[in-house]
Amino acid sequence: MPQTDPRGCILVVDDDPGQRAAVRFLLESAGYEVATASHGADALAQLRGGLRPALILLDLAMPVMDGAQFRAIQSADPQLAGIPVIILSAQEENLIRVPANGYIHKGANADRLLAVIARFFPGYEH
């Protein structure tokens, strides 16, 4: 997938199609380029296929490969380890159990999510 946005895209990894679509809509409405994956294995396949997002928004509870498994593999791969990850979880107790660059509860409002993401895109006005 060619990168046309000089800031890079945001990869949204979530097994819930409604959640993926809602986050994608929010981010695209704010001017971000977005790619999606339905589970960790899907995300890894895209990354190994050449996708280099500027940021990954990662759900934890997913079938096939959950967020913790994805994060362990991603962190151990020198080509992928530098991509920042924000964990999105509906369960408060899961938010900090996986090392990441940021954590946000799925119930947070849109402004909060956009504010957390904006920290990874310095100088970008959305």
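A compact table of results
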{"read-out": "Of all residues making up the stretch 103-121, the number that are more than 16 Å from Gln19 (Cα to Cα) and either touching a residue at least 24 places away in the same chain (Cβ under 8 Å) or assigned to a loop (DSSP other than H, G, I, E, B) (or both)", "value": "5"}
{"read-out": "Scope the stretch 76-100; condition part of a strand (DSSP E or B) and over 16 Å from Thr36 (Cα atoms); matching residues", "value": "Ser89"}
{"read-out": "Filtered residues of the stretch 60-75 (kept if part of a loop (DSSP other than H, G, I, E, B) and under 14 Å from the mean Cα position of the chain (by Cα))", "value": "Leu60, Ala61, Met62, Asp66"}
{"read-out": "Members of the stretch 16-44 that are in contact (Cβ under 8 Å) with a residue 60 or more places away in the chain and either in a loop (DSSP other than H, G, I, E, B) or of a type in the set (A, V, I, L, M, F, W, C) (or both)", "value": "Val23, Leu26, Leu27, Ala30, Gly31, Tyr32"}
{"read-out": "Which numbered condition Gly40 misses (of (1) in contact with a Gly (Cβ under 7 Å, 6 or more places away or on another chain); (2) at pLDDT 95 or above)", "value": "(2)"}
{"read-out": "Residue under evaluation Leu26, criteria (1) surrounded by 16 or more Cβ atoms within 10 Å (Cβ to Cβ); (2) among the hydrophobic types (A, V, I, L, M, F, W, C); (3) more than 16 Å from Leu113 (Cβ to Cβ); (4) over 12 Å from the mean Cα position of the chain (by Cα), criterion not met", "value": "(3)"}
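The values are calculated or read from the model by the stated rules, or taken from the named source; none is laboratory data. As the structure is a prediction and not an experimental result, all values here were calculated from the model. Note that we place each Cβ from the backbone using ideal geometry, even for glycine, and neighbour counts take in every protein chain shown.
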